[in-house]
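Enquirer: This structure is in structure tokens; I'll ask about it shortly.
The values are calculated or read from the model by the stated rules, or taken from the named source; none is laboratory data. Because the structure is a prediction, the values reported are computed rather than measured. Don't worry about glycine lacking a Cβ; one is built from the backbone with ideal geometry, like all the others, and counts go over all protein chains shown.
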Amino acid sequence: MKVLAVNRRARFEYELLERFTAGIALTGSEVKSLRAGSVNLQDGHVVFEGGQGYLVGVHISPYHNAGYAQHDPIRRRKLLLHARELHRLVGKVTEKGLTVVPLAIGLEGNWIKVELGLGRGKKLHDKRETIRQRELDRDAAADLKDHR
């Protein structure tokens, strides 16, 4: 998958348990804007209503060459999932207090796909531990570089 945008914040905010890929229903100007890289996934999440999954809170900027046929930047976009996957996710989200967040959006052939992650929100001490581990890894890499 050729990645067009990544949600780095999701990996910090959530402990990711599973990952999966889904299609997404888009308009023509949204596709053009995505290919140009004008998307923000940070506030995005998935809502399940009426037996369907919808991507909410993802901002796809209007395509400047679209003329009068502009799209709403923060509209709900339908996810294209198999019924089996959809039922499994709905069950996990309702029972266990988990949430589904977009991790990345990209091209798979000519299709635009979104990589979703099933995750549980981290507590403040878990976030601090993530920051501490990142700093230790950075220091170790710097020491290894200096040693060479």
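Enquirer: Among the residues of the range 136-147, is any part of a strand (DSSP E or B), at pLDDT 90 or above and out of contact with any Leu (no Cβ under 7 Å at 6 or more places or on another chain)? Talk me through it step by step, then tell me what you get.
Expert: So in the range 136-147, the residues part of a strand (DSSP E or B) come out as none.
Within the range 136-147, not a single residue is part of a strand (DSSP E or B), at pLDDT 90 or above and out of contact with any Leu (no Cβ under 7 Å at 6 or more places or on another chain).
Enquirer: Inside the range 87-123, can you point out the residues that are of a type outside the set (A, V, I, L, M) and in a helix (DSSP H, G or I)? It would help to see each step written out before you state the result.
Expert: If we filter the range 87-123 for residues that are of a type outside the set (A, V, I, L, M), which is where we start, we get 87-88, 91-92, 94-97, 99, 102, 106, 108-111, 113, 115, 117, 119-123.
Those that are of a type outside the set (A, V, I, L, M) and in a helix (DSSP H, G or I): 87, 88, 91, 92, 94, 95, 96.
Enquirer: Sticking with this structure for a sec: Only one of these conditions is not met by residue 108: (1) under 17 Å from residue 26 (Cβ atoms); (2) surrounded by 14 or more Cβ atoms within 10 Å (Cβ to Cβ); (3) modelled with pLDDT of 90 or more. Which number is it?
Expert: (2)
Enquirer: Right, another one. In the range 68-88, what residues are more than 16 Å from residue 102 (Cβ to Cβ) and either in contact (Cβ under 8 Å) with a residue 60 or more places away in the chain or touching a Ser or Thr at 6+ places or on another chain (Cβ under 9 Å) (or both)?
Expert: 69, 70, 71 - these are the residues of the range 68-88 that are more than 16 Å from residue 102 (Cβ to Cβ) and either in contact (Cβ under 8 Å) with a residue 60 or more places away in the chain or touching a Ser or Thr at 6+ places or on another chain (Cβ under 9 Å) (or both).
Enquirer: Does the range 7-25 hold any residues that are touching a residue at least 60 places away in the same chain (Cβ under 8 Å) and among the aliphatic types (A, V, I, L, M), and which are they?
Expert: Within the range 7-25, 10, 16, 17, 22, 24 qualify.
Enquirer: I've got another one for you. For residue 103, all conditions in the list (1) surrounded by fewer than 17 Cβ atoms within 10 Å (Cβ to Cβ); (2) closer than 27 Å to residue 126 by Cβ; (3) in contact with a helix residue (DSSP H, G or I) (Cβ under 7 Å, 6 or more places away or on another chain) hold save one; what is the number of the exception?
Expert: (1)
Enquirer: Tell me, yes or no, whether the range 79-86 has at least one residue that is farther than 26 Å from residue 2 by Cα, of a type in the set (Asp, Glu) and in a helix (DSSP H, G or I).
Expert: No, every residue in the range 79-86 fails to be farther than 26 Å from residue 2 by Cα, of a type in the set (Asp, Glu) and in a helix (DSSP H, G or I).
Enquirer: Take the range 1-35 and flag every residue that is hydroxyl-bearing (Ser, Thr, Tyr) and not in a strand (DSSP E or B). Can you show your working first?
Expert: Applying the first criterion (hydroxyl-bearing (Ser, Thr, Tyr)) to the range 1-35 yields 14, 21, 27, 29, 33.
Within the range 1-35, 27, 29, 33 meet the criteria.
Enquirer: If you check every pair at least six apart or on different chains, which have Cβ atoms under 8 Å apart with a residue in the range 110-132 that is in contact (Cβ under 8 Å) with a residue 12 or more places away in the chain first and a residue that is small (Gly, Ala, Ser) and assigned to a helix (DSSP H, G or I) second?
Expert: Going by the 8 Å Cβ cut-off, the qualifying pairs are 117/10; 119/10.
Enquirer: Please specify each residue of the range 36-49 satisfying the condition of being of a type in the set (D, E, K, R) and modelled with pLDDT of 90 or more.
Expert: The first filter runs over the range 36-49 and keeps only residues of a type in the set (D, E, K, R), leaving 43, 49.
Hit for the range 36-49 is 49, nothing else.
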